[in-house]
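The structure under discussion appears below in the form of structure tokens.
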Amino acid sequence: MSNIVLSVENLSKQYRIGEIGTGTLSNDLKRWWAQIRGKEDPFSLVGQINDRTQKAESDYVWALKDINFQVKEGSVLGIIGKNGAGKSTLLKLISRITSPTIGSVKIKGRIASLLEVGTGMHPEMTARENIYLNGAIMGMTKQEISRKFDEIVNFAGCALYVDTPVKRYSSGMRVRLGFAVAAFLEPEILIVDEVLAVGDAEFQKRAIGKMKEVSQGGGRTVLFVSHNMASVRNLCNEAIVLENGQIDFQGGTEESISYYLTKEKKLSKLSLESRTDRLGNGKLRITDIQCLRKDNQPSSIIASGDYLKLRFFYVKKESIEHPIIGITIWDKNENLLAAHSTQETGEIVKLDMERGYFEIEYPSLKLTGGTYYIKYLISNRGTQMEDLIDVMEKAIVLEVEPSDYYQSGIINRRRNCAIIDAQFVM
């Protein structure tokens with residue numbers, strides 16, 4: 001047990017829907033009175049699981065419920081799951097940003113966390129001042145911080161702006177600086193949540209390399225959250241899959257990724273009408289999606305470079321003033337390959353009928369052979385939560401056969417994409 005640096009035991013976090021803070025004073029007093037008498041928390045059995053596809057039936061929801069795991073020194077743990085599964089809440093509890101409702105987190109050593117752009121950075125202070133501030137918060141002396149100062153600045157690439165207030169940095173620069181501070185000030189546990197997606201490809205590669213160095217060479221522990229399965233596979237040696245605030249699977253990285261992707265693929269093959277994993281107010285619902293060839297005949301498999309038409313059937317319950325349609329294509333590692341939106345193209349969308357369909361055409365689908373997923377978004381005016389009408393990730397699976405598209409005699413099987421043209425048809 002001596003090499004266990006992080007132990008999470010029966011960890012649960014409950015929130016009151018629509019409330020900020022802990023709820024009411026009377027509920028806090030009831031909880032406190034139960035604790036001092038050694039009784040069970042009266043609210044421990046209250047509430048529903050964190051399933052965003054279900055309508056709320058309680059004032060309370062468990063963002064996390066009964067989480068248990070341990071992490072050894074030098075391990076890199078990947079935490080994967082869909083949006084809303086509880087990943088960020090778990091990291092906030094481990095980082096002591098918020099406190100658990102039930103359970104405990106036992107930590108051996110210092111923690112540095114990078115949970116969102118600008119984490120730990122005071123916007124009015126310069127990069128130099130922020131580096132020393134963060135080091136001091138972690139308990140380091142000025143001399144210790146000074147020894148690492150040049151490495152941090154060089155990695156972040158902000159030498160020219162080291163005496164400029166951080167509020168004037170771009171989001172990418174803030175992420176680079178935040179990551180460099182977190183990684184180079186030698187914490188025993190480094191926590192990184194999604195923010196690397198903000199940086200460019202070169203920085204992401206360097207950041208992954210640094211996290212490997214920190215864990216393998218320095219014997220430090222890393223907790224890494226990402227939707228990019230390739231990054232998780234490249235960096236982590238174990239992983240857990242979260243679903244609805246609970247651990248759905250725990251094991252080696254390959255096992256966990258395979259479990260997660262297989263489950264998602266099975267879900268995407270269900271009929272759209274029977275699926276509940278959608279967001280939006282339901283004024284309009286997509287009921288079916290067809291893949292069509294150029295002759296308008298359905299096809300379950302498309303060859304690389306072929307024409308493709310996606311036909312979206314819908315049922316409308318209420319009028320929609322300014323509908324916006326967005327379609328995205330993702331590979332099996334959850335990398336975004338293509339995105340098309342009527343908001344960007346300026347197309348005027350009219351969804352007047354109670355039942356109807358709209359289409360999006362790809363004159364030449366330049367996807368290499370493999371499995372891909374289609375996500376759609378229907379909204380009114382914008383893409384804020386209150387604007388969403390119907391949104392579904394991995395709505396359908398798109399199987400693409402490799403072909404000799406360039407007539408070179410070589411069938412391309414690489415995972416890349418060069419979709420250059422698409423058109424909405426109403």
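Remark: accessible surface ordering of ASP277, ASP200 (largest first) is ASP200, ASP277, probe radius 1.4 Å. Working from Cα pairs under 8 Å separated by at least six residues, relative contact order for the range 223-366 is 20 percent.
Could you grab the relative contact order for the range 100-181? Cα pairs under 8 Å, six or more apart, rounded to a whole percent.
Numbers: 75 pairs, mean separation 32.6, N = 82.
About 40 percent, as a whole number.
Figure note: ARG16, ARG147, ARG278 ranked by solvent-accessible area, largest first, 1.4 Å probe, ligands and nucleic acids not counted: ARG147, ARG16, ARG278.
Exceedance of the 28 Å cut-off in Cα-Cα distance is limited, within the set LYS13/LYS148; LYS205/LYS366; LYS87/LYS375; LYS142/LYS167; LYS65/LYS263; LYS72/LYS375, to LYS13/LYS148; LYS72/LYS375.
Order ARG311, ARG233, ARG168 by their accessible area, 1.4 angstrom probe, all chains in place, largest first. Walk me through the intermediate numbers first.
On the way: ARG311 35, ARG233 90, ARG168 170 Å².
Greatest to least solvent exposure: ARG168, ARG233, ARG311.
Would the range 253-319 count as rounded, prolate or oblate if I go by the C-alpha gyration tensor, calling it rounded below 1.5 in a/c and otherwise prolate when a/b exceeds b/c, oblate otherwise? Oblate, because a/c is 1.5 or more while a/b does not exceed b/c.
The values are calculated or read from the model by the stated rules, or taken from the named source; none is laboratory data. Please read these numbers as outputs of a predicted model, since none were measured by experiment. Heads up: the accessible areas ignore ligands, DNA and RNA and are worked out on the full protein's heavy atoms, side chains in. Shrake-Rupley method; radii C 1.70, N 1.55, O 1.52, S 1.80 Å.
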